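A.B. asks: This is the structure I want to talk about, given as structure tokens.
The values are calculated or read from the model by the stated rules, or taken from the named source; none is laboratory data. Being a predicted model, the structure only gives us computed values, none of them experimental. FYI the Cβ positions are ideal-geometry reconstructions off the backbone, even for glycines, and counts take in every protein chain you see.
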Amino acid sequence: MTDRHRTTQGVPYTAAAWDATGRTPVGATTPSPQTAGSGAVASQQQAEPAEYQPPAATPSADVVESDDELVVLLDAPGFEEDQITVHADANNVYVTADRSDDAAPASIEGGHALLQERPLRLERAIALPGHVDPEQATAEHDNGVCRISVPKDEDDRRHEIGFQ
């Protein structure tokens with residue numbers, strides 16, 4: 001292996017890609033001066049890991065339609081209102097929640113966590129049937145449930161047609 005081509009799990013890195021980051025890629029190895037060019041790897045140094053981002057769970061949700069609005073009910077137990085972000089566009093509602101700052105489980109004096117299953121992050125994109133008016137959307141958070149009300153566009157609302 002030459003000094004210009006290093007590998008990580010069998011995938012070569014060129015010197016340009018190696019140097020562009022300024023760090024050893026995760027899983028990459030560096031040859032020692034004695035083995036450089038021989039193909040042998042002397043050290044198994046791991047690069048600094050990137051900042052850890054906990055995986056996002058997908059919360060359960062229901063979408064209910066009435067004549068003039070769509071209501072999304074989304075489960076977010078354990079999340080406070082200020083940890084939840086809701087966005088809407090003409091066809092979708094996007095919900096993210098993050099409590100990574102609260103990652104430490106509740107501690108008991110002299111104890112430590114043996115199991116931690118509650119999600120630290122939630123992400124959900126919900127496609128809405130029909131067009132909605134995102135400017136008029138509202139959101140409420142009560143007892144672990146987000147209620148997002150999105151009015152339908154005037155053109156998509158059902159109108160009763162009377163007989164003549």
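A.B. asks: Any chance you could count how many residues in the range 113-164 are in a strand (DSSP E or B) and surrounded by 11 or more Cβ atoms within 10 Å (Cβ to Cβ)?
C.D. replies: 18
A.B. asks: Something else: Restricting attention to the range 56-96, report how many residues are touching a residue at least 60 places away in the same chain (Cβ under 8 Å) and in contact with a strand residue (DSSP E or B) (Cβ under 7 Å, 6 or more places away or on another chain).
C.D. replies: Here the count works out to 21.
A.B. asks: Still on this structure, please answer the following. Mind listing just one residue for me: the one in the range 112-164 that is under 17 Å from Val63 (Cα atoms) and in contact with a helix residue (DSSP H, G or I) (Cβ under 6 Å, 6 or more places away or on another chain) and, of those, modelled with the lowest pLDDT?
C.D. replies: Among those that are under 17 Å from Val63 (Cα atoms) and in contact with a helix residue (DSSP H, G or I) (Cβ under 6 Å, 6 or more places away or on another chain), it is Gly130.
One line per residue, one yes/no per condition, for (1) free of Cβ contacts under 8 Å to residues at least 60 places away in the same chain; (2) farther than 19 Å from Ser100 by Cα:
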site: Leu115; (1), (2): yes, no
site: Ala127; (1), (2): yes, yes
site: Ala139; (1), (2): yes, yes
site: Gly144; (1), (2): no, no
site: Lys152; (1), (2): no, yes
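A.B. asks: On to the next question. Looking only at the range 77-88, count every residue that is loosely packed, with under 13 Cβ neighbours inside 10 Å and assigned to a loop (DSSP other than H, G, I, E, B) and tell me the total.
C.D. replies: Counting residues in the range 77-88 that are loosely packed, with under 13 Cβ neighbours inside 10 Å and assigned to a loop (DSSP other than H, G, I, E, B) gives 2.
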